[in-house]
Amino acid sequence: MRRPFPLATRAFALTFLGMCAVVAGGFIALNTALRARIKEGLKADLRLTEQRLDEQDAEFNRRDRDVIATLSQNASLKAAIGLSSEQSGPAVRAQVRETIEDQLRDLSRDVDFGLLLVINPEGTVIASVGANVEEDQAQQFSSDRSNGPWLVRAGHDLYKVTSVPINLGDENLGRLAVGRRFELSPPAAHGYAVLTYRDGIVESTLPNTENAEVARAIRDKCHHQDDGCEIDAGGQTYLALEMDRDWVTPDYTLLRLASIDDAMRGFTRGLRGIFIVIGLGGMLMAALVSLLASRSISRPLANLAADLESSGETGALWNEFRVDSSTREVNLLAGALNRAASARRQVEGELRKAKEAAESATDRLELSYDDTLGTLGAALDLRDNETAGHSHRVTRYCVELAKRMSCKGELLKHIERGAYLHDIGKIGTPDAILLKPGKLTPEERKIMEQHALRGFELVSEIEFLHEAAQIVYSHQERYDGKGYPRQLAGDSIPLGARIFAVADTFDAMTSDRPYRKALSLEAALAEIHKESGRQFDPAVVNVLEGIPAGVWDNIRNEVSGLGGSLVSKRADLDAMVSWKKDDLQLTSKCVNIRESGMLLESPGPVALGQEWELEFLIPTSSEPLKPRVQIMRKEPRGIGVKFITLTRNARESIRRYTGATVKEAVAS
């Protein structure tokens with residue numbers, strides 16, 4: 001699982017990244033603005049440079065026209081041209097052409113022209129020097145054009161051509177066209193020039209490796225873009241601006257290019273150090289602000305988390321959180337936690353009281369059940385004179401064996417109750433059979449053996465005795481499966497019933513009967529050992545044999561002293577008791593105590609039905625007992641109260657105290 005980041009780290013990272021994004025956005029915006037300004041500056045420079053070049057071209061063109069006009073007045077040239085128009089034979093025309101071309105060569109010695117042509121009135125080139133004009137190229141000069149200048153291709157080169165008419169009197173003999181070789185020149189330090197012909201580059205000052213890429217970009221992005229366009233080529237971004245020149249014919253396009261990247265680098269070179277300082281300073285400021293912001297957010301939450309963690313470790317509710325943080329949301333959270341804690345404390349207090357009341361009610365109910373069961377057991381014992389005290393002794397024996405076999409809690413309670421009620425089914429057995437002094441007949445024994453089923457049917461109808469009913473049903477089963485009523489064997493017999501079988505036999509052997517005296521402890525254990533694995537569970541027999549004889553003697557003495565009753569025991573208690581009710585506090589002395597209540601000397605004016613909080617010490621408890629009681633009766637000896645709420649520990653302390661006191665009384 002990925003480890004989560006602390007809130008302070010997350011807050012710092014988010015704030016820092018946000019501020020860095022703002023700083024970066026500022027630099028990007030500044031760069032965009034600079035780029036736009038530089039782009040406008042480049043446009044202005046290109047147009048200004050082009051304007052100057054136009055002025056220079058206009059001056060050159062004017063001079064060229066003057067020179068050409070002078071050349072066109074040459075009498076020898078006019079005579080040769082006139083002779084050419086008069087001859088029709090090919091051989092004569094060829095001689096005349098050579099004559100005209102010789103005249104043109106003579107004229108070109110004194111001027112700087114790379115191309116001279118004579119064009120007849122029909123637009124046909126009749127002579128040329130300086131370049132070989134192919135037949136298809138000659139058509140460039142045959143169309144009706146102005147005197148120029150204009151771009152034409154002759155041979156493999158481009159020429160910027162200017163022409164003037166050749167007249168003899170009023171007769172036009174044709175035109176004299178002269179041209180200089182065309183060459184591009186960059187308009188500025190960061191500029192380039194490109195001449196295209198029908199979307200293909202014919203002249204360029206760019207590196208050759210970029211021409212094809214530039215041609216595609218111009219075709220895709222710069223078609224009729226009067227305000228210029230941006231193209232990318234060779235890792236550079238260029239501003240391309242179309243130039244409107246008089247000598248550029250419709251098939252040609254002249255563009256001036258300036259590198260925006262070079263211009264940006266040149267402009268920012270001096271500002272680079274300043275930008276680095278500003279950037280580092282901005283990042284440092286962002287880090288500082290982010291750190292302060294993260295601490296202001298995380299510290300109050302960290303304090304809350306620490307308090308909550310501390311309360312989680314100690315198990316105690318947290319104290320009141322401070323709500324004076326500089327962060328409103330943290331104050332809201334602290335207030336909510338305070339309200340939750342208050343509500344939780346209130347609910348826990350109510351639950352504690354409800355739990356104590358429920359435990360007290362449960363204990364009183366169980367005590368009532370046990371009193372009822374004890375009375376039933378005592379009644380059965382009284383009905384059968386041979387078994388006086390038998391139910392109580394067997395129950396105590398079963399509990400002792402069960403405890404030593406690690407039985408606890410509810411299981412121990414079920415065993416105790418099942419042992420009390422094991423012979424409850426004998427209620428339906430006729431006295432003639434139950435009290436018969438002699439041996440029972442088979443029919444009478446069959447009726448007697450029905451008491452286990454009859455007892456189960458009686459007890460199983462009571463919800464809290466369901467488990468105890470299984471002991472009543474199975475207490476006559478044998479470990480080898482030869483018992484009754486279901487012939488259960490081994491572990492299929494409930495554990496409580498297996499324990500009872502040993503305890504019942506042990507009590508019968510060690511108790512006096514009208515027809516025999518009680519066996520000694522050694523003799524009884526020997527007889528039971530013989531039946532281990534047949535009538536009895538060997539595990540229970542082993543536990544029985546390991547219990548000291550004094551334990552059994554104590555149990556028999558206690559049962560004899562109590563007369564076989566299970567009614568809760570009462571014992572004198574010499575203790576001072578504090579009474580508390582609202583703001584009223586009283587004191588009195590305890591007379592006696594039992595599990596269900598106390599008899600106290602009158603503390604003063606109290607009324608029946610009132611509820612009080614008591615506090616007193618008892619020898620079997622290391623801490624004061626603090627039950628809630630209700631006044632039930634007034635008698636000459638004092639005030640009788642019953643326990644409303646009493647913790648289990650307190651009830652066990654009272655039970656131990658009353659039991660030990662009765663035991664001492666029996667011994668004395």
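Please state the Cα pair-distance histogram of segment 22-132 with 5 angstrom bins from zero: what percent is in each bin?
All Cα pairs considered, the percentages come to 2, 10, 14, 14, 10, 8, 6, 5, 5, 5, 5, 4, 4, 3, 2, 2, 1, 0.
Would you mind getting the accessible area per residue of segment 403-498, heavy atoms of the protein chains only, 1.4 Å probe, in Å²? Write out the running numbers ahead of the final one.
Numbers: 5080 Å² over 96 residues.
That works out to 53 Å² for each residue.
Among the listed pairs 413/642; 403/446; 355/580, give every one whose C-alpha distance is greater than 29 Å.
In this structure, 403/446 exceed 29 Å between Cα atoms.
Give me the percent of accessible area attributable to carbon and sulfur for segment 515-660, probe 1.4 angstrom.
With neighbouring chains kept in place, the figure for segment 515-660 is 49 percent.
What does the net charge come to around residue 100 if you take all other residues with beta carbon closer than 12 Å to its beta carbon, with K and R at +1 and D and E at -1? Walk me through the intermediate numbers first.
Working: positive: 78, 93, 97, 105; negative: 98, 101, 102, 106.
That sum, taken over residues with Cβ under 12 Å, equals 0.
The values are calculated or read from the model by the stated rules, or taken from the named source; none is laboratory data. These numbers were taken from a predicted model, which means no experiment stands behind them. All Cβ positions, glycine included, derive from the backbone under ideal geometry; neighbour counts span all protein chains shown. The area values use the complete protein model at the heavy-atom level, side chains included, leaving out ligands, DNA and RNA. Shrake-Rupley method; radii C 1.70, N 1.55, O 1.52, S 1.80 Å.
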